[in-house]
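The values are calculated or read from the model by the stated rules, or taken from the named source; none is laboratory data. Keep in mind the model is a prediction, meaning the values are calculated, not measured. Using ideal geometry, Cβ is built from the backbone for each residue, glycine included, and neighbour counts are taken over all protein chains shown. Side chains included, ligands, DNA and RNA excluded: accessible areas come from the protein's heavy atoms. Shrake-Rupley method; radii C 1.70, N 1.55, O 1.52, S 1.80 Å.
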Amino acid sequence: MKKNHLTPLLKIKSFYSLALLAAVISLFVVSCNKFSEDFDFNKVVVPDWNPEFAIPMVNSTFVLADFFGDSGIQYIKTNPDNSLSLVYTSTEMFSQRVEDFVNIPTQSFNYQSPFIVPPLPQGTSFEVSLEFPIQLMAGSPDQRLDSLILKNGSLHIAGQTNLNRDVTELTVKIPEIIHKTTGEPLIMLISLNNPNQQSNVTYDLNVPIGDYKFIFDNIGASTKNQITIQCSLRIEGDDNPDLSPYNFSINGSFSNLDFKFLFGYLGTYNVSLSDSLSISLFDKTIGGGIEIGQDAVDLFVEIKNPIGMTIAFGTEYFYATSKVNTPNKVDINFIGTGNQNSFQVDGPDITQVGEIIETHLDFGDNNFSEAFNIAPENLYYKFVGESNPDGDSLASNFVTDTSRISMTVGIELKLFTAIKEFKIQDTLDFTLNDVQQIENLLVRINATNGFPLNANVQLYFVNSNFTVLDSLITDPNLTILPGAPVSGAPDYRVTEPAHKMTDIILTSERIHLILDAKKMIVRAGLSTTNEQLIKIYSDYSLQIQIGTIAGIKIKTN
Amino acid sequence: MKAKITRNTIIKLIVIILFLGIATPVVLAQADRSMYFLPILPNARIVNPAIYPQYNFYIGVPFLSSVKTGIENTFIYEDIFQKRGDSLYLDREYLLSNLEDKNTVNLNFSEEILTFGFKARKNYFHFRIADIINSNVTITKDLLRFGLYGNGSDYYMGKTINLSGNAVNLTYYREFSLGFTRQINPKINAGINLKYLQGIANAYTKNLDVTIETDPNDFTITAKSNIVLHSSLPGNDGNDIKPLDVFTNTGNSGFAIDLGGSYVIDEKFTASASLLNLGSINWKENLKTYKTENPSESFVFDGFDLNDFISDKEINQEKITSILDSIKDELGIIEVKESYRSKTPSTMILNLDYNLTQKDQFGFIFGSQFLEKEVWPTVSLGYTRKFNRNLNLMLSYSASPQNYFNLGVGVAANLGPLQFYLINENFTAPFMLSKASFYVLRFGVSLVFGKNGPTQIKVDEPTPEQAVP
């Protein structure tokens, strides 16, 4: 009975238990649908606001040297009044080496002479001396060789005699050819023994003379550049028949005479040096030139001369060229209007062998002001030099085999100029990535300009076909860099820096256009403040601060 | 007799007043509490080591004996998105108006790899290995406003922005626990867990104080920072991360302790208390610390000098790639290797159970988790129905200042020796996800053997002398 009474209750409890369990399990099933419904982020509406982050991007202070990180400019020179000059210098150009244009040709000689020998009984001897002078020639007839120090060369001698003695010794001595180390003259001993009574006895030998030097006595002798071959025949007496008078001949040559040093008067030789000089200041010019102040350009030539001769230089050509401005070519005159370009440089004298004489020549009286009106990109020039221009044959020259003349050409441009509508342009590769998150961009440029130069800058963003997609500056008259005001003559100095804040706003549409750009064309128009004459001083600087405020795009899916 | 009656009454009053007094409105949600309300679970000793399991022996199914995932925030989905018709609007003013000055996100995950326990007379011994991941992030309203408006907005331009008060504490560690529970007398249980902690990964901000001011003319940023961001992460040394780096990394060790006690006040009331995870981990490997070199110094960042990035008209790519380092350097933040110690997020739980009948039990819990600079309190009410010795069902209610209506449900059942349980700490959340600030789900499967009677020690009826007049 009790059991029957409890059974419905247990059933009810079991029902509740199962119901509760089912409810718990249902919660998790239902929750899945609810989750996807509540958290459908595709339903999020794009907000009408963007967080804006301000970031200082650039804060740079530039001095003049920062604009010319170019090897074409040797240096920026600070003048005593602290004004600045740009100095452009060419690479050092060299002439030929002396051994390439001063040559000593092969010198030949051929002599013969009869001689008498008295009867020579056995046990006696007799000596015959013969002298043969030789004049060496190097170049022009007026050359005077005082000494010739060889590094290479050979002497060939040959000859014969009909002397019919059993024992004869020939000694050939050239007193002007002296061994560089021992100081002994060149002597050759040759046997002319004729025991078989042949009709002629011959001789032939080569002697290297690279270790010798020629010392010429041009003071006492009547003939220049002369040496003497001294032949001495020592004849031993014998019972052979006396056939005197006899003949003696000698011929030969000095060949392959390469000198280390050559002293004397060398006459006239010509050298030439040609090159060009790039004026990088005008590399990017697309129009306009500059007006330079009085005496603002100085041409200088630096010559290093190790050759012991005076050289007179002239120019075969010297001109400036511009691709964009006419006339495209301006001849440069640096000696004064109406005069031929010429100058003379000295070499080391006889006491300065091995030294280099450096000559710096400034040519202020030039027509560069005319040339700079066309903003030349390059200067082209060829200098031709001539040795011993005075023709003084008593002068003492010297040369060494490898010495050569070098020359550097430069111009010093004092930054004393007036600029009007001078335009430059450059094209740069351009890729802009990772800006998809930017909704809008404000670029703020704060320029504090200590230079008396106005700058209008425009950036064109172009595709690979150079079709302009957008430009950075929408106002064509906007001057980003106003030039600082300038005082008058003679200093033409900035009185206070000019400041300007410029905001450039890029909308998302413009940013999308720029994203397709492949190149960026930078075009700038420069002019001096009020287009007047100005000078650039060493304490001028330009401070550029670029900050951006980027509106960040909120993505909703 | 009078004295005894007075003592019992006082104890009851003290316990009740204590709970009511502590349960102030500043409570927040707290995980794990509902395990108190399923007394047949041996796993319940996670929340109080004094809980004496009802079985002679239990062993968890490896990796499935207790899996928990949970999130607790101080804000809800609807605080962020505003529903208008069928659309969701993200309005920054609406969002900011709904947030507290300090907002916290607490994510945690734990998984028992292995656990077992056995009875030895009045003692119970336990062993447990578990992986635990805790993520506590505090974000100030000022930081969010800064992110939503940006320093370039009119709101901030020219003003000093204080971004202090933010914090990050991410910890992944493995716990090896030896536990002991003792029935001291029929009314009092006590328990302890001793834990060796193997630190695997950690990122921890000791200080994260930054002030920023942006110049309205040139956008120059003046910043002052006091940042100490410690991290010990596999891969910090620049090498590729390998699985063994996670499992065999024993260089970061620590210790923690759980303490618990319970007291049966009478047949109706039982009080218990526990202090959990009192300890710390010393991080000594895979270290990287970012810190402000000179916290008293202001740093001014006014842009990069182009001359540093351009040489011979070419942009120096190496310089560009190191731009972030440059910004870091500009702000005076250096990178060093520095060992450090992080505290484990300790918890205090106070519990009072009331047995309405032998099968109907009500419980009250106050819990508080103590983080580095934050306290996370919570209060819960629970009802447990013990249908029989093998089935417990519980309903709970939890309150927090952000959400006063969090209902939990849980079930624990024995099918022979197989015991499973499922606890959903906020079962209304799936229906109202957009209003839920916390959600905890825990489940597990174990094998239990040898039921030894209820943990609730039945107290003898008071003698007439003990009765209150």
Can you give me the Cα centroid spacing of the stretch A:273-316 and the stretch B:255-288 in angstrom?
90
When we measure straight from the Cα of residue B:159, which aspartates and glutamates land under 17 angstrom away, once same-chain ones fewer than 8 places off are left out?
A:52, B:142, B:209, B:213, B:215, B:218, B:302
Whose amide H sits under 5 Å from the amide H of residue A:469, counting only residues 5 or more places off or on another chain, with H placed in the peptide plane?
A:461, A:462, A:463
Rounded to two decimals, what ratio of Rg to Rh does chain A give with C-alpha atoms and a Kirkwood Rh?
1.42
Net charge near residue B:109, counting Lys/Arg +1 and Asp/Glu -1 over other residues with Cβ under 15 Å of its Cβ?
-4
Peptide-level mean, for A:52-65, of C-beta atoms on other protein chains within 10 Å:
6
Cross-link reach list, aspartates and glutamates versus residue B:337, counting only Cα pairs under 18 Å and skipping chain neighbours closer than eight places
B:237, B:285, B:293, B:325, B:329
Sequence gap at least 6, Cα distance under 8 Å: using those rules, report the relative contact order of chain A to the nearest whole percent.
20
Across the stretch A:130-265, how many lysine pairs, 8 or more apart or on two chains, come within less than 16 Å at their alpha-carbon atoms?
7
Among the aspartates and glutamates, which have Cα under 19 Å from the Cα of residue B:359 when same-chain residues fewer than 8 positions away are ignored?
B:266, B:267, B:460, B:461
For the charge dipole of the stretch A:130-265, defined by +1 on Lys and Arg C-beta atoms and -1 on Asp and Glu C-beta atoms about the Cα centroid, which residue among A:212, A:171, A:240 has the Cα displaced farthest towards the positive pole?
A:212
Taking each pair of different alpha-carbon atoms in the stretch A:485-551 once, compute 1/r for the pair, average those values, and report the inverse of that mean as the Kirkwood hydrodynamic radius in Å to one decimal.
15.9
For residue B:126, what charge total do you get from the other residues with a beta carbon under 13 Å from its beta carbon, if Lys and Arg give +1 and Asp and Glu give -1?
+2
May I ask for the accessible area buried between chains A and B, both sides summed, probe 1.4 Å, to the nearest 100 Å²?
4000
Which entries in the list A:382/A:535; A:284/A:414; A:323/A:414; B:141/B:291; B:102/B:206; A:304/A:535 go over 28 Å, if you measure between the two C-alpha atoms of each?
A:382/A:535; A:304/A:535
Give me the dipole magnitude in Debye, nearest 20, for the stretch A:130-265 about the Cα centre, with unit charges on the beta carbon: positive for Lys and Arg, negative for Asp and Glu.
600
Evaluate the Debye formula for the protein assembly as shown with equal point scatterers sitting on the alpha carbons, no solvent, and hand back log10 of I(q)/I(0) at q = 0.06, 0.07 Å⁻¹, in q order, two decimals.
-0.74, -0.84
Could you please state, rounded to a whole Å, how far the C-alpha centre of the stretch A:189-232 is from the C-alpha centre of the stretch A:96-160?
6
In the stretch B:131-202, carbon and sulfur make up what percent of the accessible area (probe 1.4 Å)?
65
For the stretch B:347-355, Karplus-derived ³J(HN,Hα) couplings (6.51, -1.76, 1.60; θ = phi - 60°; whole Hz; x for glycine and proline) come out as 9, 10, 10, 10, 9, 9, 9, 10, 8
Sequence-distant or interchain residues sharing an amide H contact under 5 Å with residue B:56, placed H: which?
B:449, B:450, B:451, B:452
Tell me, what ³J(HN,Hα) does each residue in the stretch B:411-424 have, in order and in whole Hz, if you take phi through Karplus 6.51 cos²θ - 1.76 cosθ + 1.60 with θ = phi - 60° and put x for Gly and Pro?
9, 9, 9, 10, 10, x, x, 7, 10, 10, 8, 9, 10, 10
Give me the 1.4 Å probe accessible area per residue for the stretch A:130-265, excluding ligands and nucleic acids, in Å².
44
Sum of -39500 (n - 2.57) over DSSP H runs of 4+, divided by residues of the protein assembly as shown (222 nm, nearest 500)
-3500 deg cm²/dmol
Roll a 1.4 Å probe over the protein heavy atoms and report the accessible area of residue B:159 in Å², nearest 10.
110
Starting at the first residue of the stretch A:475-490, write each ³J(HN,Hα) from the Karplus equation 6.51 cos²θ - 1.76 cosθ + 1.60 with θ = phi - 60°, in whole Hz, x for Gly and Pro.
9, x, 9, 6, 9, 6, 10, x, x, 6, x, 10, 7, x, 5, x
Quick one: in the stretch A:104-263, what % of C-alpha pairs are over 29 Å apart?
26
